[in-house]
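Have a look at the structure below, then the notes.
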Amino acid sequence: MNHAPLAAEFVKDRPRAQWHDATLWFVRAKRDKAAQSLPEWETLRDCAAQIKAHTQYRLADYLEQFEREATKRGAVVHWARDAAEHNKIVLGLLRNRGVTKLVKSKSMLTEECHLNPYLERNGIEVVDTDLGERIVQLAGEPPSHIVLPAIHKKKEDVGAIFHKFLGTDEGATDPNYLAEAARAHLRAKFVAADAGLTGVNFAIAETGGLVVCTNEGNADLGVSLPKLHIASMGIEKLIPRAADLGVFIRLLARSATGQPITAYTSHFHGPRPGGELHIVLVDNGRTSIRANEDFRRSLNCIRCGACMNTCPVYRRSGGHSYETSVPGPIGSILAPAGDPAKFYSLPQACSLCGSCTDVCPVKIDLHHQLLTWRGELGRKGLISWHKRLGMKLGSFMFRHPAVYRTVGTVARKLTPWLPRSLVYNRFNTWGRQRELPEFPAESFRQQFKRRSREQQR
Amino acid sequence: MNSKDRILSDLRAQRLPVAELPSLVQAWTRYEDPSAQFTSLVESVGGRVARLASRGDLPAALAEVPAFVAAQQIVSGVAEIVGNVDLARVDDPHALEMVDFAVFPGEFAVAENGAVWVTDERVSHRAIYFITQHLALVVPVDQMVHNLHEAYARIALGTSSLGVFISGPSKTADIEQSLVIGAHGPRSLTVFLVG
Ligand code: SF4
């Protein structure tokens, strides 16, 4: 598919699209307030970017150090080159222990690997326990945002889903009532589970530990009741030292939702007494992104979601229009790296406003990379013929001032007299939702010349 | 070649520009009145802070907490409070599902973000922090750091299987961004600052 038609579908319901836009802007505003409350915000961002750049530079060493330290503390570390290998490892761990019921806390990596459908096909019951993720799981949809998975759902939608699956009262929409019903429903799932799987926000090379941040406490419950804890992480989640957490934890929640810290910031080192901890390190294309100088920095992402909340395109087109596990600006950089032919339209969807780059806590130059992608996709021949033709003509015109002037004059004089059907047709995508501006009688050059003459007089 | 060696050798075959680690010794924010900052932060995330002169005041202070008064099953990790469920005698953490109230010591508090550091070092079931319906943490007021950098400087990570910063009760805003307190974990958090 292509981003534009899916976005068009999303904006058809105008009030809902406007509500989506406003809701995310509200989150963005909270981020601003939180960021401004710390005078050292920019220092933190600089430090974060430097720590990430350094970790990238020595990634192989840090991965080995992490494995050594984690093993020392009793964890078992597994390595997976791609999604299929990751899924196989997880299934193997579950099967060997006769696990049939798994509770999961938020992990974008398992979304990326499509772990849930794989496990379900193999007879494992998988329950996403983050409330937002549970809502979309029951609805049979993927998350539409990496931090706020059900941000596209209104409380009426949630009420309808819960009525169908959890037996809440028909038409109930009170968030307190609905969340209470989910609490009871998920408590039963936590208690019944034989294993818990979590994502990883940060992994510390120095100590072999994992950090998981949640507001609900679902990750902690999920890995403190059953004996088996599986943690899935991309190899880019590493940081060198425990002290580096001071930088990242201060940035993460403030950037994500404007909170000073999440309700639970849990540090896991080894299994709990009598339990097991298995850590799966996943590459799945990260190494090849690292090889590319232009896009390497996209691996520094700490998945805060701030670039989505601020993006004028994301807010108005919804996460599902990207058709990727990570949508928005960062997703539009990561997805084409995996499959350029499938995701060619995402870098084009960007308006290059640069707002994502301004808010990114690890200072990824998101809009520059999106622009670089466009050139790359052009070279790969993945841009539609009319866009390419338009670019060619435009470039020719801008390089030849005489042509530029002539085209300008003709357009200015002629367009107002043309019938509407000739101006507003399918080639004029700009004019689809709006009117062209009024054409002035004089060109800028003519106005400039006239004014200089008048001034001299 | 197995996957580990493959990944590592692919990474090592790539030449990246040298990048040094930054110094984390910076002029990080400190607060004139850290406990006031801490208190207002905890309250802003739906928790409660009570100041006690000494630990001896704990029983009286808890007697004023409605959730404690109503609690049937109580787990206590502090000497001044007697619980009726003994963690050390519980084999399976699933048995803790009916616990109404738990009170535990917190190692230290962070003024910057209203978080309290707790570990499972002396707690036989770490699930208790998350499964109890209500939680109270007792922290000496002189064990307060200004910011997270100071916090990480004093933690020896890796000495226990779990160390967690707890800031306020469990919560969610996943239904239309409306804040709901008591998602999966404790429905309330009370922090007693002692001293
Ligand atoms: S790219 Fe930056 S702003 Fe976007 S999710 Fe990642 S860390 Fe956050």
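The values are calculated or read from the model by the stated rules, or taken from the named source; none is laboratory data. Just so it is clear, the model here is predicted, and its values are computed rather than measured. Glycine also receives a Cβ, built like all others from the backbone with ideal geometry; neighbour counts cover every protein chain displayed. Please note that ligands, DNA and RNA were not included when accessible areas were found on the heavy atoms of the full protein model with its side chains. Shrake-Rupley method; radii C 1.70, N 1.55, O 1.52, S 1.80 Å.
General remarks:
- Trypsin sites (Lys or Arg not before Pro) within segment A:392-428, DSSP loop, no more than 14 other Cβ atoms inside 10 Å: A:R426
- Of all accessible heavy-atom area on segment B:29-194, the percent that carbon and sulfur account for (1.4 Å): 49 percent
- Rounded to 10°, Cα long-axis angle of helix B:34-44 versus longest principal axis of chain B: 80 degrees
- Taking amide H atoms as placed 1.01 Å from N in the peptide plane, the amide H of A:L238 lies under 5 Å from those of A:A203, each 5 or more residues away in sequence or on another chain.
- Three-way shape label, segment B:29-194, alpha-carbon gyration tensor, a/c 1.5: rounded
- From its DSSP helices (H runs of at least four residues, each -39,500 (n - 2.57)), the protein assembly as shown gives a residue-normalised ellipticity at 222 nm of -13000 deg cm²/dmol.
- Orphan Cys of chain A, criterion: no other Cys C-beta under 4.7 Å: A:C47, A:C113, A:C213, A:C301, A:C304, A:C311, A:C350, A:C353, A:C360
- Cα centroid separation, segment B:135-161 to segment A:1-33: 40 Å.
- Rounded to 5, percent antiparallel among DSSP beta bridges of segment B:29-194: 30 percent
- Spatial extent of segment A:1-61: Rg and Dmax, with the Cα atoms as the point set, Å: 19.0, 52
- All-pairs Cα distance distribution in segment A:184-292, expressed in whole percent, bin size 5 Å: 2, 11, 19, 20, 20, 15, 8, 3, 1, 0
- Restriction of the GluC sites (Glu not before Pro) in segment A:122-177 to DSSP coil positions whose beta-carbon has at most 13 other beta-carbons within 10 angstrom yields A:E170.
- DSSP beta bridge pairing in chain A, given as percent antiparallel to the nearest 5: 25 percent
- Members of A:K106/B:K171; A:K52/A:K237; A:K164/A:K189; A:K237/B:K171; A:K33/A:K154 lying beyond 20 Å, as alpha-carbon distances in this model show: A:K237/B:K171; A:K33/A:K154
- Theoretical FRET efficiency, 1/(1+(r/R0)^6), r = Cβ-Cβ of A:V407 and A:E454, R0 25 Å, to 0.05: 0.35
- Diffusion coefficient (Stokes-Einstein, Kirkwood radius over C-alpha pairs, 25 °C, 0.890 mPa s) for the protein assembly as shown: 92 µm²/s, rounded to a whole number.
- A:K155, A:K387, ranked by accessible area, largest first (probe 1.4 Å): A:K387, A:K155
- Selected from B:P22, B:P93, B:P140 as most flexible by GNM, with chain B as the system and alpha-carbon contacts under 10 Å: B:P22
- For the set A:H78, A:H145, the ranking by accessible area, highest first and with no ligand, DNA or RNA atoms included, is A:H78, A:H145 under a 1.4 Å probe.
- Pairwise centroid distance, computed over Cα atoms, of segment B:61-79 with segment A:43-107, Å: 40 Å
- Surface accessible to a 1.4 Å probe, B:T190 within the full protein complex, Å²: 10 Å²
- The separation of segment A:242-281 from segment A:364-437, counted between C-alpha centres, amounts to 47 Å.
- Computed on the Cα trace of segment A:301-344, the radius of gyration divided by the Kirkwood hydrodynamic radius gives Rg/Rh = 0.95.
- In plain terms, if you count all Cα to Cα distances in segment A:360-414 and split them into 5 Å steps from zero, the share in each step is 4, 16, 15, 16, 14, 12, 12, 6, 3, 1 percent.
- Mean sequence separation of contacting Cα pairs (under 8 Å, at least six apart), scaled by the length of chain A, corresponds to a relative contact order of 20 percent.
- Solvent exposure of segment A:402-456, expressed per residue, is 91 Å² of accessible area, with all protein chains present and a 1.4 angstrom probe.
- Shape of segment B:1-97 from the C-alpha gyration tensor: oblate (a/c of 1.5 or more and a/b not above b/c, with a ≥ b ≥ c the square roots of its eigenvalues).
- Cross-link partners of A:K387 among lysines, defined as those whose alpha carbon lies under 27 angstrom from its own and excluding same-chain residues fewer than eight positions apart: A:K12, A:K342, A:K413.
- For segment A:1-103, Kirkwood radius (reciprocal of mean inverse C-alpha pair distance, Å): 19.5 Å
- Shape call, segment A:402-456: gyration tensor on alpha carbons, a/c limit 1.5: prolate
- Angstrom value of the Kirkwood radius, inverse mean 1/r, which spans all Cα pairs in segment A:102-244: 16.0 Å
- Peptide-level mean, for A:56-63, of C-beta atoms on other protein chains within 10 Å: 5
- FRET efficiency for A:F396 and A:D294, using Cβ-Cβ distance with R0 set to 25 Å, rounded to 0.05: 0.40
- Between B:D100 and A:T372, the modelled label-to-label distance comes to 6.0 nm, taking each label 7 Å out from Cα in the direction of the beta carbon.
- For peptides B:4-10, B:86-92, sequence by mean Cβ density within 10 Å, most packed first: B:4-10, B:86-92
- Percent of Cα pairs in segment A:157-219 per distance bin of 5 Å, from zero to the largest separation: 4, 15, 19, 16, 15, 13, 8, 5, 4, 2, 0.
- Restricting the calculation to alpha carbons of segment A:58-117 gives Rg and Dmax of 13.4, 39 angstrom.
- Averaged over the residues of peptide A:37-46, the number of Cβ atoms from other protein chains lying within 10 Å of each residue's Cβ is 3.
- When Rg and Dmax are taken over the Cα atoms of segment A:38-284, they come to 18.4, 56 Å.
- Area accessible to solvent at A:Y57, 1.4 Å probe radius, in Å²: 80 Å²
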